[in-house]
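J.: Dropping a structure here in structure tokens format, bear with me for questions.
The values are calculated or read from the model by the stated rules, or taken from the named source; none is laboratory data. Computed from a prediction, not measured in an experiment: that's the story for all the values here. Positions of Cβ are generated from backbone atoms using ideal geometry, with glycine treated the same way; all protein chains shown enter the neighbour counts.
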Amino acid sequence: MDETKLTASLPNLSVGIMRRALPEENAEVLMVALKATPSLDALVAGWLQPMAVPLALWTAPLVMWSRLAQAAWQPWLAALDGRSRD
């Protein structure tokens, strides 16, 4: 079994990433572990809160595009769903 591990330590956060190949299933597993001290709530409030507005501005076009794509595909998906029940 092929396995790769990566760890990193930040001031209040430890990050662990493990990748494992499963050749018998022709698959891969990727696991990510986060350990925050004192807690993830404190980490989010301290680091990510100041980025909330710029992040929202960056994701707004993506949200709009995904909603438009969903609205465009909805009739086709509804027709396929109705056909599979017959």
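J.: Scan region 29-47 residue by residue and report those that are aliphatic (A, V, I, L, M), farther than 16 Å from A8 by Cβ and at pLDDT 75 or above.
T.: V29
J.: Further question: What are the pairs with Cβ atoms under 6 angstrom where one residue, in region 15-37, is under 12 Å from T4 (Cα atoms) and the other, located anywhere, is loosely packed, with under 13 Cβ neighbours inside 10 Å and hydrophobic (A, V, I, L, M, F, W, C)? Sequence gap at least six, or different chains.
T.: Hits for this filter: G16/A33; I17/L6; I17/V32; M18/M31; R19/L30; R20/V29.
J.: Okay, moving on. Filter region 1-41 down to the residues that are under 19 Å from the mean Cα position of the chain (by Cα) and among the acidic types (D, E) and list them by number.
T.: Selection gives E28, D41.
J.: Can you find even one residue in region 1-18 that is in a helix (DSSP H, G or I), of a type outside the set (V, I, T) and at pLDDT below 90? Show your work before the answer.
T.: Step one: of region 1-18, the residues in a helix (DSSP H, G or I) are none.
Within region 1-18, not a single residue is in a helix (DSSP H, G or I), of a type outside the set (V, I, T) and at pLDDT below 90.
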